Each structure stands twice: as structure tokens, then as C-alpha cells.
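Comments concern the structure below.
The values are calculated or read from the model by the stated rules, or taken from the named source; none is laboratory data. These numbers come from a predicted model, not from an experiment. Quick reminder, even Gly has a Cβ in these numbers, built from the backbone with ideal geometry, and neighbours come from all protein chains shown. With ligands, DNA and RNA removed, areas are computed over all heavy atoms of the protein, side chains included. Shrake-Rupley method; radii C 1.70, N 1.55, O 1.52, S 1.80 Å.
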Amino acid sequence: MVVDQRLLPLADRFFSMYRNPQQGGGALVVYVRGEKVLDVWAGWADRDRRWSRDTVALSFSTGKGVASTVVHRLAQRGVIDYDLPLARYWPEFAAHGKSEITVRQLLTHRAGLHRVRGLLSGPFDMLDYDTVIEALANARPDPRRLNGPGYHAVTYGWLVAELVARATGKPFQDVVAEEIAGPLGIDEYWYRVPEGHRGRIAKLFPHINPGGLNWQFTSAILAHVAPTRGLAEAAMPDGFDLLVRSPRVHDAVMPGWNGVFSADAVARMYGAIANGGEIGGRRFLDPATIEESTRVQARGRDYVLAVRPNWSLGYHRPILASRVQPQNAIGHYGVGGSGGFADLDTGMSLGFVTNRLGSSLTALGDLRLARLGAMAQTLAQNWNTL
């Protein structure tokens, strides 16, 4: 483990979260100005297996931030242009009035393709990448996209993956290895997990079902209630609770939700962004790319989330358990509690992965990441005086 003495209070808080198997396990990594200053893990990866330095976890929407960073790596070399229509790279996407939807609009959740509920005939059809891509190409965009963003909770990853594949002529996972894992020197950026590493994946628990209720019944009810309809459409397809628990998810590429990462992988990627684009003596992103990709692009109320996430290009502002929220920070959290972010003002980044899906009542999270992030930010702000 790595524990800079200035982060002892943060390490203590982290360890206090994992004292028995019912609390699961997790890992936390922090970089400050490109240097790793905290790398800790604790708890249980399964009932009879302790969390170790090699444990990785399914991290849900945390993977959207990684997928978005792939796009930015390609954009800075001119392989992708934010302001060109997706159909320029993916001609079939132009069907049903989508010919003018741009890459920028996709990255800010303004493509109008948030619906995953009803997109396919069954949940396990999501494992067939080609079937999903064909369905999205033939989908009609929601007209509300013209007024503001609508969070593409599940579909975002497929749309980005196909854009990348068409622009490069390579499978998305290969591009992730070339553009993220290789330059950062860490392997654990996986959507399709290599067979030899699947034993490292922590077991998720207790459930993803809201309140522990029957998934299909609950999602059907929420889809018919106006305030929750958008969320049900975007994130609650029938049978998704079964799919989440299936080991078959690790055979597929679903970058909107099935990314498997180590905490170090998440923190190091954001550490490069927080450190002006450099880490380990290597240039990862140009300053101009960071400035463009982290600038807030969509401030309107999100018609799926019913809040204002302030979307930049593929990231949201991190939410911290603090009265004052960071104004120059970006990242992406995942349902259940995993996530990561970069604070460009302090040069600090944080990556957190866990197998405990929120609280005993809901998988939406229990503020662990928000509390850890708030403490880390405070310590980073006072780094030179500690």
C-alpha cells in the first residue's frame, strides 16, 4: 500500500468502511500533481475472499468516463471531430432523422437516444454488440434532445464504441488498450475481461433492484409515472437485474455500464487530466484538448435525471459531500458507488471501486465516494501546508 502521511485521515476513513463481510470491500487511489500518494484496499471481494491489490470490480457508469477519454485522445490527433455528424463516420446512423446529430451532442447526452427499455427483445440481446448497434442506428431520436440533455445511461457506451470503431477501423476494446491502457501503463481498463483475469473480479452484492423489489414490476411501474419515466426508459430494461449478475457480461463490450477497473486505473487516467495532461513523464492529453473536453457544454435540466448535471464532453461535475462543490473538476460516477474524478485546480485525482452496491435499500449509492472525495479535495487544497 501507499499512504502519504498527509492523507492518513483519508486512509483511516476508508478503512473504517470495511470492517465485516457484509460491508464488502473496495480500493481507493489518489494522485496529486501526477504522483500517487494513496493506494489502499480493504474488506472482502467475496464472502470467503479478502480484497487484494489485484482485485478489480464491475464499476457501471464509471466506464463512461474512460470511453469518453478514448474519444478525446483520438480528437486531438484529428481522427474524430467533435462537430462532425456521427453519420460521417457511421453512415447507417443517419436513419430516421439522425443525420445532423454531432459527436459533441452525443458526448453531452443530446443525441436523443436514451431509451434502452424496449430497444431490444430481451436483456441478453445486449450481449450481441452487432444487434444493439443495428437497433440504435434504426432508432428515432427523442425530440426533447433539442431542448436539453437526456442521460444515455446504458446506450451511451455503445454509441461511443461504434463511433470509435468506425473512425479507427478497429474494435473498440483494442483502441482502449492502445489509447488508454498502453500510454498509462495499466492493463485494467476492461469491458471484455480477459479469461485469465476473471478470477480477480469482486462479487457484487446485495442487489441492484430498487428497494430490493422485483425488478420487472418496479421498472414497469416507474416507466408509467411521469417523474421517473425517463430514468426507467434509460436505465431499467426488463431483465437487467439478471444480466448484471451473469458472468456473460464479461464476454461483451457494453461501455455504458460493464467496465471492470482497478481503482489505480481510474485514478491514474484522471491523474493525467488533473496534471495538465502528463503523468509518469509522458504526455497523455494536450492542454487544449483538456480545456475543450472539460468545459461545461450543456447546463440545462436533464430530462432523464431531472437535475442539471452540467455535462462537459463525456464527463459530469463530481458531487462531493461538501457545502462548496469543485468548479473546475470532471469525472464520472457509477451506480453503486464506484467512480473517479480530476480536480484541475488542485491537481488531485481520485479513483474508487467497490463491490457493495450502495446501501441495503438502494443501489444508487450511500455517499461513500462523495465523502471520500470531499476529504481528499480538502487535503489537496492544503497540500503544501500539511
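Odds and ends about this structure:
- Built amide H within the under 5 Å cut-off of Phe60, gap 5+: Gly259
- Ignoring lysines fewer than eight residues from Lys98 along the same chain, the ones with Cα atoms less than 28 angstrom from its Cα are Lys64, Lys170.
- Distance from the alpha carbon centroid of the range 19-74 to that of the range 151-186 works out to 20 angstrom.
- Label positions at Ser246 and Glu291, each projected 7 Å from the Cα along the C-beta direction, are separated by 4.7 nm.
- Based on protein heavy atoms only, the range 55-98 ends up with 29 Å² per residue of surface accessible to a 1.4 Å probe.
- Using a probe radius of 1.4 angstrom, the carbon and sulfur fraction of the accessible surface of the chain is 50%.
- Whole-number accessible area per residue in Å² for the range 168-226, which is evaluated in the context of all protein chains at 1.4 Å: 50 Å²
- Per-residue [θ]222 nm for the chain (sum of -39500 (n - 2.57) over DSSP H runs n ≥ 4, rounded to 500): -8500 deg cm²/dmol
- At least 18 Å along the helix axis (C-alpha) and Kyte average at least 0.0, DSSP helices within the chain: 62-75, 155-168, 368-381
- Average accessible area per residue (Å²) across the range 1-40 - probe 1.4 Å, nucleic acids and ligands excluded: 45 Å²
- Interchain or long-range residues, amide H under 5 Å from Phe341's placed H: Leu350
- Candidate residues Asp54, Asp366: accessible-area rank, largest first, probe 1.4 Å: Asp54, Asp366
- Per-residue SASA entry for Ser59, accessible area with 1.4 Å probe, Å² rounded to 10: 0 Å²
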